[in-house]
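Enquirer: Sharing a structure, written as structure tokens. Questions coming.
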Amino acid sequence: MNIASAYENGKLTLYLQGELDHHSARTAMRAIEQELEQSLARECVLDMSGLSFMDSSGIALILKAHKLTAAQGGKVWIEHPSRQALRVMETSGIERIVPIAQETGKE
Amino acid sequence: MNVSNYIKLEFPSKSVNEGYARSAVAAFAAQLDPTMEELGDIRTAVSEAVTNAIVHAYPDSIGTIWLKARILEGRVLEITIRDKGQGIPDIKQAMQPLYTTGGEERSGMGFTIMESFTDKLRVRSAPGKGTTVTMARRIRVRNAGR
Ligand SMILES: Nc1ncnc2c1ncn2[C@@H]1O[C@H](COP(=O)(O)OP(=O)(O)O)[C@@H](O)[C@H]1O
Ligand SMILES: [Mg+2]
């Protein structure tokens, strides 16, 4: 698991890459905390296009990112989840708290 | 019961083995020619059960986890994950969505995911003795399309 980031106009984009499970979640959380603290971003996007696997450990991580961003007066949303990650997020009902951007454009 | 094939694995409860366990079961399941979605569901369900054994069964020590996967009649993949850890005092409560004893790092959604990603989930546990989670998922026959 690896996280790359980009910051532009108050929006922090975190590119999650690899497999997000319990084994990688703690390191991932530390990285996200640091990025959020440094940037003080009002908007935070979790870009999942490079994420090849996610289980319920990812749900806990998304909720934590939501809490941290909300504490800075901002919001988080998800972009480009794989079908597998989307199924995990739908089953856990997390879209009620953290929105998942609908894919736009064509295949 | 007719078992056409099986694997048995044993490994220590180290978190680095989570990825290995789900990949091993996915590689074994490949002979049933599952769809990407079926394979994703299997990987996810295995990851949840193995993570529970690592996090909850053996919270302050390294114990042993036994994983068995077999192919039963009717293209059913059955997966059993067993630990000799601390056990679950109230299984019904533990299986409730959002219930967790793991704090902020856990979501309490593991059993809910195992339940909805498989056709059958059975949990047997005894405090102080350990937990056995058995999951079954039927892999559909795909239209060959050729
Ligand atoms: N193998 C196990 N050994 C002991 N306790 C377990 C085991 N699996 C699950 N549990 C208990 O059941 C609860 C719910 O599990 P789960 O739905 O996977 O959520 P989470 O892992 O996020 O806590 C756990 O918090 C734990 O208390
Ligand atoms: Mg769990």
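Enquirer: In Å, what Rg and Dmax follow from the Cα atoms of the protein assembly as shown?
Expert: 18.9, 62
Enquirer: A further question on this structure: For segment A:2-96, what's the radius of gyration and Dmax over Cα atoms, in angstrom?
Expert: Gyration radius and largest Cα-Cα distance of segment A:2-96: 12.1, 33 Å.
Enquirer: Quick one: net charge around A:S56, please, counting Lys, Arg +1 and Asp, Glu -1 for every other residue with C-beta under 11 Å from its C-beta.
Expert: Values: positive: B:R106; negative: A:D21, A:D55, B:E48, B:E105.
For residues surrounding A:S56, the net value is -3.
Enquirer: So for chain B, Kirkwood radius off the Cα pairs, Stokes-Einstein at 10 °C and 1.306 mPa s: how many µm² s⁻¹?
Expert: Numbers: Rh = 15.6 Å.
After rounding, the answer is 102 µm²/s.
Enquirer: Cut-off 10 angstrom, C-alpha nodes, Gaussian network model of chain B. Which of B:T131, B:T51, B:T112 fluctuates the most?
Expert: Of B:T131, B:T51, B:T112, the Gaussian network model singles out B:T112 as fluctuating most.
Enquirer: Please identify, among A:A85, A:A71, A:A25, the residue showing maximal mean-square fluctuation in a Gaussian network model of chain A using a 10 angstrom Cα cutoff.
Expert: A:A71
Enquirer: Further question: Could you grab the relative contact order for segment B:1-127? Cα pairs under 8 Å, six or more apart, rounded to a whole percent. Let's see the in-between values first.
Expert: Working: 184 pairs, mean separation 36.2, N = 127.
About 29 percent, as a whole number.
Enquirer: Just how far, in whole angstrom, is segment A:1-75 from segment B:1-67 if you go by their alpha carbon centroids?
Expert: For segment B:1-67 versus segment A:1-75, the Cα centre distance is 26 Å.
Enquirer: Please report the carbon-and-sulfur percent of the accessible area for segment A:2-96; probe 1.4 Å, protein heavy atoms only, DNA, RNA and ligands left out. List each step's numbers first, then the result.
Expert: Values: 2030 of 4430 Å².
Of the solvent-accessible surface of segment A:2-96, carbon and sulfur hold 46 percent.
Enquirer: Determine the total buried accessible area between chain A and chain B, counting protein heavy atoms only with a 1.4 Å probe; round to the nearest 100 Å².
Expert: Working: alone 6610 and 8540 Å², together 13200 Å².
Approximately 1900 Å² gets buried when A meets B.
Enquirer: When ligands, DNA and RNA are left out and all protein chains stay put, how many square angstrom of accessible area per residue does the protein assembly as shown have with a 1.4 Å probe?
Expert: Numbers: 13200 Å² over 253 residues.
Solvent-accessible surface per residue comes out at 52 Å².
Enquirer: Just B:R75, B:R106, B:R43 to compare: in a GNM of chain B, with alpha carbon springs under 10 Å, which one fluctuates most?
Expert: Result: B:R106 has the largest fluctuation of those listed.
Enquirer: Follow-up. Hey, got a sec? Which GluC sites (Glu not before Pro) in segment B:50-108 land in a DSSP loop and have at most 14 other Cβ atoms within 10 Å? Show your work: numbers first, answer last.
Expert: Values: sites: B:E73, B:E78, B:E104, B:E105; in loops: B:E73.
Here the sparse-neighbourhood loop sites are B:E73.
Enquirer: Which trypsin sites (Lys or Arg not before Pro) in segment A:62-107 pass both tests, a DSSP loop state and at most 13 other beta-carbon atoms within 10 Å?
Expert: On the way: sites: A:K64, A:K67, A:K75, A:R83, A:R87, A:R96, A:K106; in loops: A:K106.
Counting only loop positions with at most 13 other Cβ atoms within 10 Å, the trypsin sites (Lys or Arg not before Pro) in segment A:62-107 are A:K106.
The values are calculated or read from the model by the stated rules, or taken from the named source; none is laboratory data. As the structure is a computational prediction, the values presented were derived from the model and not from experiment. So basically every Cβ, Gly included, is an ideal-geometry build from the backbone, and we count neighbours across all protein chains shown. The accessibility values were calculated without ligands, DNA or RNA, using every heavy atom of the protein model including side chains. Shrake-Rupley method; radii C 1.70, N 1.55, O 1.52, S 1.80 Å.
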